[in-house]
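Rule-based calculations on the coordinates, nothing more; no lab input. Note that the structure is a prediction, hence the values are computed from the model and not measured. As a convention, Cβ positions derive from the backbone with ideal geometry for all residues, glycine included, and neighbour counts pool all protein chains shown.
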Amino acid sequence: MTPPPTGSRPPTLSDLVAVFGRIGLLSFGGPAAQIALMHRELVERRPWLDEQGFLRALSLCMLLPGPEAMQLATYAGWRLRGTPGGLIAGLLFVLPGAVVIAALAALYVQFGQVPLVQAAFVGVKATVIVVVLQALRRMAGRALTTPRAWWIAGLAFLGIFLFDLPFPAIIAAAAVWGYAGASASATAPPPLDMSHGRTVRTAAIWAALWLLPLVLLTTTGAGFLAQVGWFFAWLAVVTFGGAYAVLAYLTQTVVTDFHWISTVQMIDALGLAETTPGPLILVTQFVAMLAGQLQGGPGLALAAGAVALWATFVPCFLWIFVAGPYVEALAQRPRLSAALQGITAAVAGVILNLSVWFALHVLFAQVGQLDLGPLSLPWPAWSGLQPLALALTALAALAMLRLGRSLGETLAAGAVLGALAGWIFGVV
């Protein structure tokens, strides 16, 4: 499969290894920071992609399920050097963070219950509250620009917060609403310049690479690993809007339905994932490794982490290699654009739910349920308010929202302050 020309001499594969290796190692701070880093490296510092091509690729990646920053890297590599370039860019974007997550999971199992470490986690989790609120603010500013978008976001929040509706159903409903409410373009969109036969072959090859190992796990009786693989494969299909949007669904499933890990461990997983380079959806690897450790020890933990990585990230290559050649035409489809806008608005409501859920579980020792007839709301025990967590959250908000400190600086400071408070005052 050959990508369209970029307008300048394409880089060599070794050039891609050097540049995307650098991007992978420096990709802290979530998708906004990662996309800005790629723009600087691929558009500003090097004439590898032009501005409009970069923005069209970003629009496509936002329309697809999965981590948009990782898929943008994959698309850029594919456009520059075909399938080998896409593989190099995508893998180098993920692998540094995956190695760090594996090490953190092992350390967490060994030292996670040490009081001083738990106190440091309080500072990390307090910072993550602010990070999620920042993501919500950015998403709302970009997505909620019309009354329709506000309605979709509000209904999405109520649907998941009050009625516990499944995340995929909310996203599907938002996409249908957006698609149905769009007006058809007066100008016929350009034809899709792509061989359908080639598209089908590409889709078949990558779908087989993705799913056949999971089928093998199922047929060989690897029950837990098969469950891990199929769940995270399904999650990869419904992860519109980035990791923040799907975390509530992930938590609901692995904590409440599967009972793999506890709510506290899930919150710790998110906090640790924020400290690593690469996409935040690497939290799936941490969850799988922790669940494997609890069920069968280090060997099963490593296997579960590998299965989670495979199920989560192989479909990213599938989406990009199939949809990449259609970027120019898809960008001019008004109904698809409107469906994306509906999804993005719903994601804002889902992230608001995540913000409330995460803050309650970090700031309060106990969170129960308030029964209101057919509805049930999460409700904290006010006597369990955690002063240290509240103080560190306020400091993180001051550092990031008012003083403009970076995520890395704030995370490090929060962990140090939490550990100091635990050591001096004996509080967690």
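Working note: Cα atoms of the chain, range along each principal axis, descending, whole Å: 64, 51, 47.
Largest GNM mean-square fluctuation across 134, 369, 71, computed for the chain with C-alpha springs under 10 Å, falls on 369. A straight line joining the Cα centroids of the range 373-399 and the range 292-314 runs 32 Å.
Remark: the residue 169-residue 207 segment gains 11.3 nm on full extension, using 0.36 nm per residue and subtracting the alpha carbon distance.
At a Förster distance of 45 Å, what's the computed FRET efficiency of residue 114 paired with residue 180, Cβ-Cβ distance as r, to 0.05? That gives a FRET efficiency of 0.25. Calculated [222 nm] ellipticity per residue, helices only, for the chain: -24000 deg cm²/dmol; basis is -39500 (n - 2.57) per DSSP H run with n ≥ 4, divided by all residues, nearest 500.
In this simple spin-label approximation, residue 15 and residue 103 carry label points 7 Å from Cα along the Cα→Cβ vector, and these lie 3.1 nm apart. Stretching residue 22 away from residue 151 to a fully extended chain increases their span by 42.3 nm, per 0.36 nm per residue minus the current alpha-carbon distance. Computed across the range 313-428, the Kirkwood radius stands at 18.5 Å (inverse of mean 1/r, all Cα pairs). A straight chain from residue 158 to residue 335 at 0.36 nm per residue would run longer than the Cα-Cα distance by 61.2 nm.
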